[in-house]
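A short write-up of the structure that comes next.
Read-outs throughout are calculated quantities, based only on the coordinates presented, and are distinct from any laboratory measurement. Everything numeric in this text was worked out from a predicted model, so none of it was measured. Glycine also receives a Cβ, built like all others from the backbone with ideal geometry; neighbour counts cover every protein chain displayed.
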Amino acid sequence: MLLLTGDIGGTKTILRLVKVGADRKSFETIIENKYLSGDFPDLVPIVQQFLSASPQTNNITSACFAIAGPVVNKTSNLTNLDWQVDSNRLEAELNISHVSLINDFAANSYGVLGLESSEIYTLQAGKKIDNAPIAVIGAGTGLGQGFLIPQDDKYQVFASEGGHTDFAPRNDLEIQLLQYLQTKISSDHISVERVVSGQGIVSIYQFLRDSNFSNESSIIGQKISNWEKKIETNIDPAAVIAQGAIEQNDSICTKTMSLFMELYGAETGNLALKILPYGGIYIAGGVAAKNLSLIKKKEFINNFIQKGRMTKLLQDIPIHVVLTPELGVKGSILYALRNYN
């Protein structure tokens, strides 16, 4: 059996073709490619380009795609990309008899069940309890959240849209950030995704810059300005800011990433309080893995556990940073192996 899988995000799309073993548990990768999602008007031409590179595509009967957005009635409108993905249309246009769509953090949740020890970095050992809930959170283009609840000898996976809950500031600086964003986007509702995500890094930087927190360095300031003015559209502003913080050569970048990690830790702690994931909480998404040296600092953990009377509870929860960028692809494969006959 050949299975086409993919992780479809607002920034990038990863597609993988795998050969499933006769036991329907093992699989072997045949080909994998990555694409910039924004370079295409829809998922179909990406898949068509991918399939044209493999001679075995005529035998594909099933596909499973992890989608960065809610999936309702086999359809998803991506949250951070102007795409609508429909499984029935994909089946027809790609000539694949069975196409499944699952939320990307449902896929990530399946994926953590198949992680190797080399694919994680343990941020807090905690006290793991077998058959306890597991939580997954990840800042990338947006902020995804999901969780797993033990059921018999397996885990039941649940997606959520927790990244769109309210951003709740905790001090004067965060209140000013909230007010800045409310004015900037002309909305009273500011979701936590607006500050804990790749776009959130940029928003925090812009807030600090526009609030005259410190003088902007000429090199980084020019890059951000060129991106804002669409002079250089290939710039990843969040990566530029994070690198400035890692190299400690820019005070606004350093403060941006420090505040970002505080907010990321606080939101991860919020999720942990709601699920009590003593089976572990896994931090996925591109931001954490790419900035491991920053998330290992005190800001994340201190704000994760800073929950008053509940601090001791959170100190006992294991926290792992997922290092592999292909968790969603792995999860979509595991979902397909579990659910396809």
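Just a few scattered comments:
- Among 183, 324, 13, residue whose mean-square fluctuation peaks in a GNM of the chain (springs only between Cα atoms under 10 Å): 183
- Magnitude of the charge dipole for the stretch 92-248, about its Cα centre and with charges confined to Cβ atoms of Lys, Arg (+1) and Asp, Glu (-1), is about 260 debye.
- For 290, 74, order by how many other beta-carbon atoms lie within 10 Å, fewest first: 74, 290
- Rounded to 5, the percent of DSSP beta bridges in the chain classed as antiparallel: 65
- Local electrostatic count, residue 38, Cβ distance below 10 Å [Lys/Arg +1, Asp/Glu -1]: -1
- Size of electric dipole in the chain: Cβ of Lys, Arg +1 and of Asp, Glu -1, about Cα centre, debye, nearest 20: 620
- Segment residue 182-residue 231, length gained on full extension (0.36 nm per residue, minus Cα span): 15.0 nm
- Largest mean-square fluctuation among 92, 168, 238, in a Gaussian network model of the chain whose springs join Cα atoms under 10 Å apart, belongs to 92.
- For 152, 236, the sequence from fewest to most other C-beta atoms within 10 Å is 152, 236.
- Over the chain, dividing the summed -39,500 (n - 2.57) contributions of all DSSP H runs of at least 4 residues by the number of residues returns a 222 nm mean residue ellipticity of -11500 deg cm²/dmol.
- Two-site FRET efficiency, residue 307 against residue 129, from Cβ-Cβ distance with R₀ of 30 Å, rounded to 0.05: 0.95
- Karplus-based coupling profile of the stretch 5-17, in residue order and whole Hz: 10, x, 10, 9, x, x, 9, 9, 10, 10, 10, 9, 9, with θ = phi - 60° in 6.51 cos²θ - 1.76 cosθ + 1.60 and x standing for Gly or Pro.
- Dipole of the chain, positive end: most advanced residue of 275, 49, 187 [Cβ charges, Cα centre]: 275
- Unit charges at the beta carbon, dipole of the chain: most positive-side option, 70, 320, 339: 320
- 3J(HN,Hα) along the stretch 313-323, derived from phi through the Karplus expression 6.51 cos²θ - 1.76 cosθ + 1.60 where θ = phi - 60°, amounts to 4, 6, 5, 8, 8, x, 10, 10, 8, 7, 8 Hz, with x in place of Gly and Pro.
- Exposure proxy ranking, count of Cβ atoms within 10 Å, fewest first, for 164, 320: 164, 320
- Net length gained if the chain between residue 73 and residue 93 were fully extended (0.36 nm per residue, minus Cα distance): 5.4 nm
- Of 234, 103, 131, the residue with the greatest mean-square motion in the GNM of the chain, using alpha carbon springs below 10 Å, is 234.
- Computed packing ranks the peptides 259-268, 118-127, 240-249 as 259-268, 240-249, 118-127, most packed first, by mean other Cβ atoms within 10 Å.
- Per-pair calculated FRET efficiency, R0 = 41 Å: residue 122 and residue 48 via Cβ, rounded to 0.05: 0.50
- Compared with the direct C-alpha span, the chain from residue 215 to residue 33 gains 61.4 nm at full extension, assuming 0.36 nm per residue.
- FRET efficiency for residue 59 and residue 293, using Cβ-Cβ distance with R0 set to 45 Å, rounded to 0.05: 0.50
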